Amino acid sequence: MDSRVLIFDTTLRDGEQAPGGSMNLQQKFQMAEALAELGVDIIEAGFPVASEGDFAAVRNIANKIQGPTIAALARCERGDIDRAWEAIEVSDRPRLHLFLATSAIHREHKLKMAKQEILRRTDEHVRHARGLCDDVEFSPEDASRTERDFLAEVVRVAIAAGATTINIPDTVGYAVPDEFADLVCELHERVPELHDVVVSAHCHDDLGLAVANSLAAVSAGARQVECTMNGIGERAGNASLEEIVMALRTRADSFGIDTGIDASRLYPTSRMLTNITGLQVQRNKAIVGENAFAHEAGIHQHGMLQHHSTYEIMRPGDVGVDASTLVLGKHSGRHAFRERVRDLGFDLDDVQLQKVFTDFKHLADQKRTVYDADIAALVEGAMGSSDGPWQLEGFQTNAGSAVQHLAEVRLAHRDGTTVQEAACGDGPVDAVFKAIEKAVDRRVAVDEYHVHSVTRGKDAQGEVTVEATQGDRHYRGRSVSTDIIEASAEAYLELVNRVVADDKVAQRPPAASAIEPAAPRSGR
């Protein structure tokens, strides 16, 4: 049996049927080019009879895309088949893909046809398609819910009429893996002619089993899988191309089968589809999701720093992702944090690292995402902060358009005392500054006050810088916080601490060496 699985991509047909997934002619061609570069074997370009636009898109792709087989979908109706052939006949490798529902539910409620009529139509229209094209695929729609003896009969008729590929669709995602594999195996037993054609699987994801069912079909002998990029498609979507490809490759020990896909193009192709359709990929989507190669838990990050295989079964570069990401958040540990600080160019001792790590944990509880700029701001703040006598223990402000701006601060002194003061101002920041001045019994006139966002987003840290001049000395205080008032208070208090520290130095008696008389200078 062939050890290679054909990848039949239906992103441009079944995938485009996803609500919001519609593409114009130019977008479909752009996507077809990307799929050809990816290395898919068959591109199902569309359903030509559906609209003039779809016909034009399929014909354009068939005329210009080289490499993959270009397939067009048609119902078992002569008008559909002729229109599909008109769209793809210009291709070097055309395929007509016919479908007809076979399950009792569809026969009774949708088609209102008896079994014999299904068999007659299958024979007539597959023969007509084969008279036009050497490559004909037939799909008994809703095969997984069709009586197995009747399904075998339909498949036998289709092969006799000239079908070269028989597709087994799990149209509504009803099957489970063992059941679907058993169906493929049973069809091989009931219809020996299946060994002379390609058996395909087309699975939907209504129960989240599309990829599992597709892989089960491959294990049972299917050698074509119908899938879409990012798993887009009707309702819950189709089997995800990238998941199938990487499952076969990563677990080659289990399947012993590969594809012709250039896996390094998976992520770029996924991103292109997202950009074209606007259908976002969930963050935890396998292979191409934003979190697929991201690690936040401390124990995972520690393992990754030792060896990537501890928590990654494939490398990011294998699918076109630049690198793994150690996401720093509230679950991260000291090992990962130390590495990131080093990567950012900072060399901290253990005491400094512990202080910054504590600040980082506090920040991670407040922010969803902690960026490198956030960490740099914390480190710079810790390295540049003064070791002054006063610390901010807490504050409250009252502000609004029709109220008096009031602030209350509570400061702790290194001698163990605590001071609490309140003050009014022309804004919450001014009120906080005045309350601090009362608490420390010192006023410092601010020359400059600056606020800017450290990173992006509504929860970004704000960096506050306060500058002042006392005599011939210039002072600067700086702090960062997701709370601008808190950052302002910390920055101003740091500035005050520097002023207090300098005042104490100025008040000390001169050192003995400094009051010794200078040696007499020799005259000239």
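Every number in this text was worked out from the coordinates using simple rules, so none of it is lab data. These numbers were taken from a predicted model, which means no experiment stands behind them. Counting neighbours? That spans all protein chains shown, and the Cβs are built from the backbone with ideal geometry, glycine included.
In a fully extended conformation the segment linking Arg283 and Arg443 would gain 52.5 nm over its present Cα-Cα distance, using 0.36 nm per residue. For the pair Gln26 and Arg315, label points projected 7 Å from Cα toward Cβ lie 3.8 nm apart.
Sorting His188, His413, His452 on the 10 Å Cβ count, fewest up front, what's the list? Can you show the working numbers first?
Values: His188 17, His413 14, His452 10.
Least crowded to most crowded, the residues run His452, His413, His188.
Summing charges over all other residues whose Cβ lies under 9 Å from the Cβ of His125, with Lys and Arg as +1 and Asp and Glu as -1, gives 0. Placing a label point 7 Å from the Cα of Lys110 along the Cα-to-Cβ direction, the residues of the range 194-217 with a backbone N closer than 18 Å are 201-207. With 0.36 nm allotted per residue and the present C-alpha distance subtracted, the Val351-Gln420 stretch has 21.9 nm of extension available. In order along the range 32-37, the Karplus-derived 3J(HN,Hα) couplings, from 6.51 cos²θ - 1.76 cosθ + 1.60 at θ = phi - 60°, round to 5, 4, 5, 5, 5, 5 Hz, and Gly and Pro are given as x. Sequentially through the range 464-474, phi angles give Karplus couplings (6.51, -1.76, 1.60; θ = phi - 60°) of 10, 10, 10, 10, 8, 10, 10, x, 9, 10, 10 Hz, Gly and Pro residues having no value and appearing as x. Which of Lys115/Lys285; Lys361/Lys458; Lys285/Lys361 have a Cα-Cα distance over 30 Å? Pairs exceeding the cut-off: Lys115/Lys285.
Any idea what diffusion coefficient the range 127-189 gets from Stokes-Einstein, in µm²/s, Kirkwood Rh on alpha carbon pairs, 37 °C, 0.692 mPa s? It would help to have the intermediate numbers written out before the result.
Details: Rh = 12.3 Å.
Taking Rh from Cα pairs, D becomes 267 µm²/s.
Taken over the range 116-255, the alpha-carbon convex hull comes to 110 cubic angstrom per residue.
Kirkwood hydrodynamic radius, the range 6-277, all distinct C-alpha pairs: what's the number in Å? If you can, show how the numbers build up before the last one.
Values: mean 1/r = 0.0548 Å⁻¹.
Answer for the range 6-277: a Kirkwood hydrodynamic radius of 18.2 Å.
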